[in-house]
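Some notes on the structure that comes next.
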Amino acid sequence: MDVATLRQQLNGQAPAMVYVVLGTQGILQQQARDAFMGLIPEAERVMNVGSYDMETTPLATAIDDAMSAPFFGERRLVLINKPYFLTGSPAKVKVNHDLDALKSYLEHPEPSTVLVLMAPYEKLDNRKGLVKELKKVAVEVSSAPLSEQDARHQVEQQLLSDGYRLANGAMDELVRRTNADYGLMMANLKKLELLAYQTKQISQGDVIGLVPQSLDENVFDLITAVLKRDQAQALDIYQQLLETNHEPLQLNALLVGQFRLLIQIKVLSSRGLSQGTLASRLKVHPYRVKIGMQTARRFQMNDLVRAYLGLIRCEKALKTTARDPELLFQLFMLQFAKKAG
């Protein structure tokens, strides 16, 4: 289930005994945590809520807490944070965890305890016996990054709940400036609501004035200028990015990465792969794939490859010479434009 469904269920019926909140979207992890906290009256939380970080605290401590009876209350809430031992990633910390204790608990959960594993990971390792046991018992809540459509819907619902509405073009502008990242969209919502406090309507101009354009969006604008061979615009954007404290090597690496993505998208989309399949295979947000597909369709593969190789040479020069980064980028643009024919 998603977090919105979780909140509805927790408000209307008794909770399950075990949950796992899986996914990398931080704001959804926090919303799920807040929903679970709402199960315990505020006056009881000191005694009946336990939160344990598995990167610093032994698992046995959390299980002991989960097995305890609530103190002058109806139920106890125990949060197990960052249970990395459920993933396939190697341990980065040295904490001894009694995994058998969790397995035994899952066989006989404490009825008066809500045990929640907050797993901010893309996936768990389904080959592990403990994960298999967990999936038999736990209710899984997704905190994976939202699609563009779902992010739009959630933001619209929040605005409706707060008594605000978006004017024409405002949502599209918010999506564009945040790359449809739900966390960034929500982070900017309070500022926009404060600005529109009197009218209760958020305009496209409000979004342009308050929400900074993401680095990825700036880089895509730069890529478009490069491919159009618009040297003046490309140099202007490049200079602006340097002035906002982006290191030349970092900026060049971003350009190389974006051109590599465009090449991959152009090759794979020519084989009939859908936007969702591309996003999954390339492990990037679907919105980036959407914008990438729009860009890749407008330009020839030869241009994408030439620009990519030119930026690789630019990167080498940045690392091995003391020449001015703007001059090197200008030289790249001149060479790229010269090969137009």
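The values are calculated or read from the model by the stated rules, or taken from the named source; none is laboratory data. Predicted model only: the values in this text are computed from it and were never measured. A quick note on method: Cβ atoms are made from the backbone with ideal geometry, for glycine too, and the neighbour counts reach across all protein chains shown. For accessibility, only protein heavy atoms count, side chains too; no ligands or nucleic acids. Shrake-Rupley method; radii C 1.70, N 1.55, O 1.52, S 1.80 Å.
Results, tabulated for the structure shown:
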quantity	calculated
Selection within segment 99-124 - without any contact (Cβ under 8 Å) to a residue 60 or more places away in the chain and open to solvent by 20 Å² or more (accessible area, probe 1.4 Å)	99, 100, 101, 103, 104, 107, 108, 112
Test: residue in segment 281-304 that is open to solvent by less than 60 Å² (accessible area, probe 1.4 Å), touching a Lys or Arg at 6+ places or on another chain (Cβ under 6 Å) and closer than 19 Å to residue 254 by Cβ	yes
Residue match in segment 3-15 (condition: over 30 Å from residue 179 (Cα atoms), touching a strand residue (DSSP E or B) at 6+ places or on another chain (Cβ under 7 Å) and open to solvent by less than 60 Å² (accessible area, probe 1.4 Å))	yes
Some residue of segment 255-263 being within 22 Å of residue 316 (Cβ to Cβ) and open to solvent by 50 Å² or more (accessible area, probe 1.4 Å)	yes
Residue list for segment 25-60, filter: out of contact with any helix residue (DSSP H, G or I) (no Cβ under 6 Å at 6 or more places or on another chain), hydroxyl-bearing (Ser, Thr, Tyr) and surrounded by 15 or more Cβ atoms within 10 Å (Cβ to Cβ)	51, 57
Failed criterion for residue 162 (all others in (1) among the charged types (D, E, K, R); (2) surrounded by fewer than 19 Cβ atoms within 10 Å (Cβ to Cβ); (3) over 21 Å from residue 27 (Cβ atoms); (4) touching a residue at least 24 places away in the same chain (Cβ under 8 Å) hold)	(3)
Entirely in segment 160-238, the helices (runs of 4 or more DSSP H) that have 2 or more residues that are of a type outside the set (D, E, K, R), more than 26 Å from residue 259 (Cβ to Cβ) and modelled with pLDDT of 90 or more	170-178, 182-195, 204-210
Residue match in segment 293-302 (condition: at pLDDT 85 or above, part of a helix (DSSP H, G or I), farther than 30 Å from residue 150 by Cβ and not hydroxyl-bearing (Ser, Thr, Tyr))	yes
Failed item in (1) out of contact with any helix residue (DSSP H, G or I) (no Cβ under 6 Å at 6 or more places or on another chain); (2) open to solvent by 20 Å² or more (accessible area, probe 1.4 Å), with residue 87 passing the rest	(2)
Per-region count, segment 218-241, residues over 18 Å from residue 300 (Cα atoms) and over 25 Å from the mean Cα position of the chain (by Cα)	10
Within segment 206-242, tally of residues that are small (Gly, Ala, Ser) and either in contact with a strand residue (DSSP E or B) (Cβ under 9 Å, 6 or more places away or on another chain) or exposed (fewer than 15 other Cβ atoms within 10 Å of the Cβ) (or both)	2
Number of the exception - residue 67 against (1) farther than 14 Å from residue 116 by Cα; (2) over 30 Å from the mean Cα position of the chain (by Cα); (3) of a type outside the set (Val, Ile, Thr); (4) modelled with pLDDT of 90 or more	(1)
